[in-house]
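Report on one structure; see the data block that follows.
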Amino acid sequence: MISKNDRAALFRRRTLHALANRRMSQSELSRHAQVDRSTISQLLTGDDPRLPGAHLAAQCAEILGVSADWLLGLTERSERAVDILEMSLELNEAQRSGADHRVHTWLKESWGAKVRHVPASLPDALKTEAVLQWEYSDSLAQTAIQAEDWRTLQLQMLQEQQADMEICFPIETLHSLAAGEGYWSGLPRADRLAQLQLLADYCDQLYPTLRIELFNAKQVYSAPLSVYGTKLAVVYVGRYYFVHREGAKIKALINHFDWLVRSAVVDARQMPSHIRGLIDTHLAD
């Protein structure tokens with residue numbers, strides 16, 4: 001709790017600060033607020049600090065593009081509630097999948113921070129060119145060449161240890177790839193073999209910068225998502241990305257990801273041998 005005089009002084013400081021940021025004079029504020037200049041002058045420069053009425057406080061906040069609560073010292077955030085909501089949740093149209101220029105932008109935004117990722121199929125950064133060609137052959141928005149470009153950029157970040165990435169996805173995805181079933185039906189045997197071999201090699205070469213775990217989809221579930229450090233989380237729903245920038249939501253998605261990792265049936269150290277076991281079972285000559 002603060003006294004009326006202290007709150008009035010705070011209103012004065014914050015309003016003057018907002019005026020300076022907007023490059024607006026007190027006369028312009030009074031004109032936009034449709035009050036006498038003397039009224040604004042008494043509030044902002046008079047010898048006796050005064051508080052405005054509720055209507056004038058709201059008018060000043062709207063004109064200055066700030067929160068009335070902030071002007072009156074009720075919050076430390078100057079943004080309006082609607083602006084905070086818009087900043088905390090963005091809705092971006094997705095081009096096709098994680099092979100999108102925005103993914104690289106988000107990676108750069110989280111430079112040096114841990115990235116947690118649940119891919120829609122396999123991680124795009126770890127796919128072979130043949131798999132990208134096969135997946136993107138019918139895409140309406142994203143070409144295989146574009147996907148390959150972004151794959152190369154992401155892989156380079158991992159190889160240069162500019163990113164710390166942990167990936168978790170269903171074990172069923174890997175097993176269906178090895179068997180050529182479900183989503184992977186129609187992908188040639190040679191391409192499936194090359195993809196699994198490359199994935200096993202990456203798990204060996206890039207550990208611990210890259211860590212991959214597998215969970216059982218019959219026990220736990222996750223939509224595709226990525227959490228970039230502690231400042232940004234993205235949920236992929238097909239046509240759109242839901243981009244979260246609010247701390248509590250990001251923390252909840254981090255907890256969700258960590259729950260998937262704790263539930264993993266294959267951990268990062270077991271991944272290379274598990275993949276090679278699938279090759280021996282399904283794809284050995």
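How about region 213-283: which chymotrypsin sites (Phe, Trp or Tyr not before Pro) there are in a DSSP loop, with at most 15 other Cβ atoms within 10 Å of their Cβ? Answer by residue number: Y221. Full extension of the chain between Y221 and D267 gives 14.9 nm of extra length, using 0.36 nm per residue less the Cα-Cα distance.
Sum up the charges of everything whose Cβ sits under 15 Å from the Cβ of A9, counting Lys and Arg as +1 and Asp and Glu as -1, but leave A9 out. Mind showing how you got there, number by number?
Details: positive: K4, R7, R12, R13, R14, R50; negative: D6, D47, D48.
For residues surrounding A9, the net value is +3.
Give the shape of region 177-261 as rounded, prolate or oblate, defined through the alpha-carbon gyration tensor: a ≥ b ≥ c are the square roots of its eigenvalues, a/c under 1.5 means rounded, and otherwise the shape is prolate if a/b is larger than b/c and oblate if not. Prolate shape, in that a/c is at least 1.5 and a/b is the bigger ratio. Annotation for K4 and A194: the two label points, set 7 Å from Cα along the Cα-Cβ direction, are 8.0 nm apart.
With a simple spin-label model that places each label point 7 Å from the Cα along the Cα-to-Cβ direction, the separation between D280 and R245 comes to 5.0 nm.
Within the set K127/K251; K108/K218; K108/K231; K114/K218; K114/K251, which residue pairs have Cα atoms separated by over 23 Å? Please report the intermediate quantities before stating the final value.
Numbers: K127/K251 29 Å; K108/K218 34 Å; K108/K231 12 Å; K114/K218 27 Å; K114/K251 13 Å.
Distance filter (> 23 Å) returns K127/K251; K108/K218; K114/K218.
Of interest is the spacing of the C-alpha centroids, which for region 1-60 and region 215-285 amounts to 51 Å.
Read-outs: derived from the displayed coordinates by stated rules, not from any lab. Quick caveat, the model's predicted, so the values are computed rather than measured. Every residue, glycine as well, gets a Cβ built from its backbone with ideal geometry; the counts of neighbours run over all protein chains shown.
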